[in-house]
Amino acid sequence: MNVLEALITGVTQGAMIALVALGYTMVYGVLKLINFAHSEVFMMSAFIGLFVITALGGAANPLLAGIGGTLSAMLFASALGITVERLAYRPLRGRTKSALTRITPLVTALGMSVLLQNLAQLLFSARFRPYPPLMSGTLDLGGLRMSSSRLLILVTAVVVMVALEIIVKRTWFGKAMRALSANEEAARLMGIRTSRVIAMTFALGSSLAALGAVLYCLDQSQVYPTMGVVIGTRAFVAAVLGGIGSITGAMLGGLLLGIIGELVKLTDYSGGVDVLVFLVLIVVLLVRPAGLLGSARAEKV
Amino acid sequence: MISRRHFSSGFAIVLATGCEKKNDQEIVVGGYFSLSGPDSTFGNDSKEGIELATEEVNAAGGIKGKKIRLVVEDDKSTTQEASQKVRQLIDRDKVVAVLGEVASSRSLAGGLVANQAKIPMLTPSSSAIEVTQGREWVFRTSYTDDLQGRALARFVKDELKKTKVGIFYVAQDTYSSGLAKTFREAFKKLGGEIVVDKGYQKGETNYRTYLSELKAANPEAIFVPNYYGDMVLIARQAKEIGIPGSMFVGGDGWVSSNLLEGAGAELEGAHFTNPYAPDVPWPSSKKFNDAYKAKYKREPPAFAAQGYDGARVLYDAIARAPQVTPEAIRKALTETKDFQGATGTITFDAERNAEKAIVVVMVKDKKFTFKTQLDPR
């Protein structure tokens with residue numbers, strides 16, 4: 001029973017990590033850039049979600065507050081993602097052709113992350129803030145107890161992943177993204193407005209992070225300026241584990257990480273979840289350096 | 001990702017300025033606290049208590065006819081900054097003594113510098129035993145984790161009358177695993193049984209799997225020596241799983257208004273040890289409580305009471321010292337006996353740690369209320 005429960009918890013936990021991992025992997029797919037500011041976009045949108053939910057009445061009005069809070073956090077995150085890209089990454093693009101092409105944006109991304117974290121501390125203070133309990137019910141699924149917030153996470157994550165698959169495979173935007181990922185110069189020659197596609201990728205990835213942030217806080221976390229570091233690290237590991245640049249890989253990586261994490265908690269090494277997670281990462285990378293689904297021939301987005 | 005922390009905090013450069021002006025009309029006392037960063041409430045609360053103590057002493061004419069000038073520096077909640085700020089206070093400001101920090105890791109870092117420079121340092125709140133160990137110049141007016149862990153074991157066994165207990169602690173945290181260790185040993189010695197003993201990953205937010213396992217072991221009480229941020233989440237998720245809040249017992253890391261805001265209802269009936277409670281029935285505490293409320297218009301947090309006591313003990317020692325020199329102050333500090341502070345009666349033992357009573361606080365109607373006091377043993 002314990003193992004089954006841990007598995008279910010692990011899947012929901014993994015689904016949440018995957019939502020954030022998608023942002024890392026999509027940006028890497030189109031830009032070959034690891035956007036370290038992603039975890040800070042996650043944190044900032046958690047704050048916006050909290051403010052809007054509180055303004056809309058919080059626990060007194062759970063449906064309106066929940067939906068309103070989530071949508072505004074996603075909107076805000078898209079705007080923030082685009083702004084970060086516009087201010088910090090775009091000016092650097094195509095400026096150098098030396099070995100520094102990769103390093104400069106990477107350092108900028110680190111700087112952006114520190115900047116946003118400190119900005120949040122300045123604006124919102126370092127206080128821990130809890131979300132109002134919007135969903136406090138517990139469902140009994142044949143002896144298995146599951147909070148309604150966890151079920152919502154699971155459903156949302158599945159819907160998002162299916163929708164994302166459709167966007168990437170069936171729409172103009174998805175096709176442009178894939179083209180960009182395959183060869184930026186060729187894509188531009190074919191008439192794709194690369195800057196716009198990149199901005200849209202940031203918007204999409206950031207809004208998924210915001211969705212993840214609101215769900216995460218409703219379910220298990222408080223909001224504070226350094227909260228992005230914990231889940232950001234795990235999401236990044238999930239993206240690398242699954243094969244960075246691969247959307248399905250990020251989902252798979254997230255799920256694996258979630259399940260491993262929960263199972264470790266049942267053992268005597270319960271305090272060393274991160275140790276085990278990183279150990280798995282190292283082993284996987286030794287066997288498959290590009291990650292589980294990230295071979296050179298695989299389609300990258 | 002891990003390396004980002006180093007990026008943000010590794011570049012501070014300390015410039016020792018050759019500022020030699022000396023004012024004979026004042027006594028300069030330094031302080032270093034986490035005024036910004038994740039632990040900013042700890043630092044700011046402490047600073048308020050210290051400022052109140054300083055104001056009171058200055059209003060009463062100062063010490064030996066001189067006013068105290070307090071210089072409080074911000075260590076941004078990092079250990080690197082902590083040692084740099086202590087260095088700066090000693091070299092630039094020429095302080096005669098230093099007050100600080102709350103977190104044991106930063107008191108250790110700052111204490112190393114103060115001890116080498118032979119400037120007395122007094123921490124009002126750090127409880128890890130190593131902070132004063134082997135450091136002749138470092139004092140503490142709070143109790144140690146050792147004392148706290150043993151007192152907690154006695155409280156659970158003798159007052160709550162629980163014999164089967166679970167322990168749930170942060171595996172990577174010195175404070176948490178240290179307190180768990182002393183409690184575990186003391187509780188077993190008292191004849192109690194530990195039915196489940198679980199460490200968790202620092203920074204964890206999803207406790208359901210752990211909590212299910214804890215519940216399955218059927219403990220009568222669960223000892224969780226962690227910080228309030230984690231405890232809010234644990235209490236909320238425990239309610240979901242069906243563990244009542246009154247089952248939880250904690251240490252002084254719980255004390256924050258945030259605990260009450262976040263999980264006051266979920267933790268109804270829970271107990272934890274603390275140096276202080278606003279309704280503690282000691283006369284010297286009442287005086288502090290009134291003065292604090294008059295100045296800051298709110299109930300004094302525990303760190304403010306500890307900061308106040310730390311500063312008062314130091315000023316008392318400076319007043320008793322024959323001259324205002326670091327050596328004389330150190331000597332006077334070692335002779336501190338039965339000092340009536342807001343957090344109880346303070347006497348330093350041979351290891352320069354305060355021997356004092358510990359307060360047990362109970363969460364009741366979303367408030368911290370005084371339950372009982374445990375004498376040091």
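Laboratory data are not the source of any read-out in this text; all were calculated from the coordinates shown. These numbers come from a predicted model, not from an experiment. FYI the Cβ positions are ideal-geometry reconstructions off the backbone, even for glycines, and counts take in every protein chain you see.
Find how many whole Å separate the alpha carbon centroid of region A:31-48 from the alpha carbon centroid of region A:211-253. The two parts, judged by their Cα centres, are 10 Å apart. Of the residues B:S36, B:S126, B:S256, the one with the fewest other Cβ atoms within 10 Å heads the list, and the complete ranking is B:S36, B:S256, B:S126. Each part reduced to its alpha carbon centroid, region B:289-311 and region B:137-154 end up 21 Å apart.
Once the Cβ-Cβ distance of B:R154 and B:E261 is raised to the sixth power relative to R0 = 35 Å, the FRET efficiency obtained is 0.70. Taking Cβ atoms as reference points and 11 Å as the exclusive limit, the residues near B:V280 contribute a net charge of +1, counting Lys and Arg as +1 and Asp and Glu as -1. Among A:E40, B:E355, B:E101, B:E335, the order by Cβ neighbours within 10 angstrom, fewest to most, reads B:E335, B:E355, A:E40, B:E101. Checking the Cα-Cα distances for A:K32/A:K169; B:K94/B:K118; B:K295/B:K337; B:K47/B:K297 against a 23 Å cut-off, the pairs over it are B:K295/B:K337. Taking B:K181, B:K202, B:K364 in turn, the Gaussian network model of chain B (Cα-Cα springs below 10 Å) assigns the largest fluctuation to B:K202.
This ranking places B:Y200, B:Y175, B:Y308, B:Y296 by how few other beta-carbon atoms lie within 10 Å of each, fewest first, which gives B:Y296, B:Y175, B:Y200, B:Y308. The charge dipole of chain B, taken about its Cα centre with unit charges on the Cβ atoms of Lys, Arg (+1), Asp and Glu (-1) only, comes to about 120 debye. For the pair B:A216 and B:T347, a Förster radius of 41 Å applied to the C-beta separation gives a FRET efficiency near 0.35, rounded to the nearest 0.05. Placing dummy labels 7 Å off each Cα toward the beta-carbon, the span from A:F278 to A:S125 is 3.4 nm.
In this rough spin-label picture, where each label sits 7 Å from Cα along the Cβ direction, the A:L139-A:V159 distance is 1.3 nm. Normalised by the number of residues in chain B, the average gap of Cα pairs under 8 Å and 6 or more apart makes the relative contact order 16 percent. Diffusion coefficient of chain B by Stokes-Einstein, Kirkwood radius over Cα pairs, 37 °C, 0.692 mPa s: 155 µm²/s.
Springs join every pair of Cα atoms under 10 Å in this Gaussian network model of chain A, and among A:Q222, A:Q117, A:Q13 the largest mean-square fluctuation is at A:Q222. Here the simple spin-label model places points 7 Å from the Cα toward Cβ, and for B:K202 and A:V3 these points are separated by 3.2 nm.
Taking Cα pairs under 8 Å and at least six residues apart, what relative contact order does chain A come out at, in percent?
The value is 36 percent.
Considered as an equivalent ellipsoid built on the Cα gyration tensor, region B:191-278 has semi-axes of 19, 15, 13 Å, the largest given first. With Cα atoms as the point set, chain A shows a radius of gyration and Dmax of 19.1, 61 Å. Hey, with R₀ at 22 Å, roughly what FRET efficiency would A:R196 and A:K175 work out to, going by the Cβ-Cβ distance, to 0.05? Efficiency, from the Cβ-Cβ distance: 0.95. Counted over the protein assembly as shown with a bin width of 20 Å, the fraction of Cα pairs per bin, in whole percents, is 18, 46, 30, 7, 0.
What is the sum of charges, Lys and Arg at +1 and Asp and Glu at -1, for the other residues whose Cβ falls under 15 Å from the Cβ of B:K366? Here the count lands on -2.
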